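Student: Sharing a structure here in structure tokens format.
What follows is calculated from the coordinates using simple rules that are stated; it is not laboratory data. Predicted, not measured: the structure shown is a model, and the values here were computed from it. Every residue, glycine as well, gets a Cβ built from its backbone with ideal geometry; the counts of neighbours run over all protein chains shown.
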Amino acid sequence: MSDTESALLNELVVALKCLPSVGARTAQRMAFHLLEHDREKGLKLAVAMQNAIENIGHCTLCRTLTEHAICRICSDKSRSDETLNFKVLYDSDLIVNLEEKQKENTMDTERLAQIIDKSFMTDSGRQTAREVLLK
Ligand SMILES: [Zn+2]
């Protein structure tokens with residue numbers, strides 16, 4: 001074995017030793033195994049390692065490993081938060097509109113109660129509407 005070849009082999013063994021619970025002997029066995037029997041898989045391993053290390057980071061919200069700035073779970077959560085915000089805004093608009101109709105006396109209390117029961121998107125919106133409009 002020439003100096004260059006053994007230098008490359010040593011480099012591989014030292015590199016493999018960075019893995020947890022891989023000592024010198026195991027690293028040597030892995031290196032020989034890859035070079036003697038599994039060169040193709042060795043290359044796949046190298047490419048997968050490089051891709052993962054270059055492209056995987058931590059979710060900015062929960063620190064989970066992810067390829068994106070925000071992981072799928074967190075982005076699903078923020079989407080449902082948006083929906084909740086939408087519902088709250090919808091309900092508060094509805095309360096304002098119903099208040100106006102009430103002031104104009106264009107709607108009787110029974111009809112108003114029906115609308116309150118059916119039209120609100122959140123329980124708290126419905127409750128607030130009952131308190132504000134049905135006294
Ligand atoms: Zn996350």
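Student: Give me the distance in nm between label points sitting 7 Å out from Cα along the Cα-to-Cβ direction at residue 38 and residue 18, one decimal.
Tutor: Modelled inter-label distance: 1.9 nm.
Student: OK, next. Straight-line reach from residue 118: which lysines fall under 27 Å, measuring Cα to Cα and dropping same-chain residues less than 8 apart?
Tutor: Straight-line reach from residue 118, under 27 Å: 77, 87, 101, 103, 135.
Student: Which of the lysines could a cross-linker bridge to residue 44, judged by Cα under 22 Å and excluding same-chain residues fewer than eight apart?
Tutor: Within reach: 17.
Student: Taking the Cα centre of the range 81-133 as origin, work out the dipole magnitude from +1 charges on Lys and Arg Cβ and -1 charges on Asp and Glu Cβ, in debye rounded to 20.
Tutor: 140 debye
Student: While we're here: Tell me, what is the Rg over Rh of the range 31-116, with Rh the Kirkwood radius over Cα pairs?
Tutor: Here the Rg-to-Rh quotient is 1.55.
Student: While we're looking at this one, here's another question. Starting from the amide H of residue 66, placed 1.01 Å from N in the peptide plane, find each other amide H under 5 Å away whose residue is 5 or more places distant or on another chain.
Tutor: Correct list: 57, 58, 59.
Student: In degrees between 0 and 90, to the nearest 10, how far off the longest principal axis of the chain does helix 39-55 point, with axes built from Cα atoms?
Tutor: Relative to the chain, helix 39-55 is tipped by roughly 40 degrees.
Student: Same structure again: Going toward the positive end of the dipole of the chain, with +1 on Lys and Arg Cβ and -1 on Asp and Glu Cβ, which of 134, 97, 33 do you reach last?
Tutor: 33
Student: For the Cα atoms of the chain, what angle does the longest principal axis make with the long axis of helix 3-16, in degrees from 0 to 90, nearest 10?
Tutor: 30 degrees
Student: So for the range 1-76, what are the equivalent ellipsoid semi-axes in whole Å, largest first, each being the square root of 5 times an eigenvalue of the Cα gyration tensor?
Tutor: Semi-axes, largest first: 34, 13, 10 Å.
Student: What dipole magnitude, in Debye to the nearest 20, does the chain give about its Cα centre under +1 on Lys/Arg Cβ and -1 on Asp/Glu Cβ?
Tutor: Computed charge dipole of the chain: roughly 380 debye.
Student: With unit charges on the beta carbons (Lys and Arg positive, Asp and Glu negative) and the dipole taken about the Cα centre of the range 7-55, which residue among 8, 23, 50 sits farthest to the positive side?
Tutor: 23
Student: Right, here's the next one. Would you compute, from DSSP H runs of 4+ residues alone, the mean residue ellipticity of the chain at 222 nm, taking -39500 (n - 2.57) per run and dividing by the full residue count, rounded to the nearest 500?
Tutor: -24000 deg cm²/dmol
Student: If you don't mind, another one. Note the full-extension length gain between residue 108 and residue 86 as 0.36 nm times their separation in residues minus their Cα-Cα distance, in nm to one decimal.
Tutor: 5.1 nm
Student: Any idea how far the Cα center of the range 1-74 sits from the one of the range 88-135, in Å?
Tutor: 62 Å
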